[in-house]
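What follows is a set of notes on a single structure, which appears directly below.
Quick note: the coordinates plus some simple rules give every number you see, no bench work behind them. No experiment lies behind these values; they were computed from the predicted model shown. With ideal geometry, Cβ positions are generated from the backbone for all residues, glycine too; neighbour counts draw on all protein chains shown.
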Amino acid sequence: MSRRPVKRSLTLRGHRTSVSLEDAFWRAFRDIAEARDMPINALAAEIDEGRDIEVGLASAIRVYVLAWYRDGAASPGGAG
């Protein structure tokens with residue numbers, strides 16, 4: 001598993017942007033989008049809309065992924 005961030009393109013409300021995340025975060029991010037039955041770009045747009053202007057999108061995605069698994073681990077049935 002690569003520990004270096006991997007840059008990928010996302011489309012947020014019709015605009016392309018690049019985000020660099022470690023492989024583990026990309027996999028978790030895709031898994032969450034699948035669990036929520038939504039495209040990864042839609043999930044990224046949702047996170048983008050909810051983040052503080054001073055917080056980068058990659059950081060916001062990492063925090064979202066962490067919160068998803070942390071909150072899910074505390075509930076019956078596991079993550080999500």
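Taking max minus min of the alpha-carbon positions on each principal axis, the chain gives extents of 38, 28, 25 Å, largest first.
Each residue, S20 and R4, gets one label point 7 Å from its Cα in the Cβ direction; the gap between the two is 1.0 nm.
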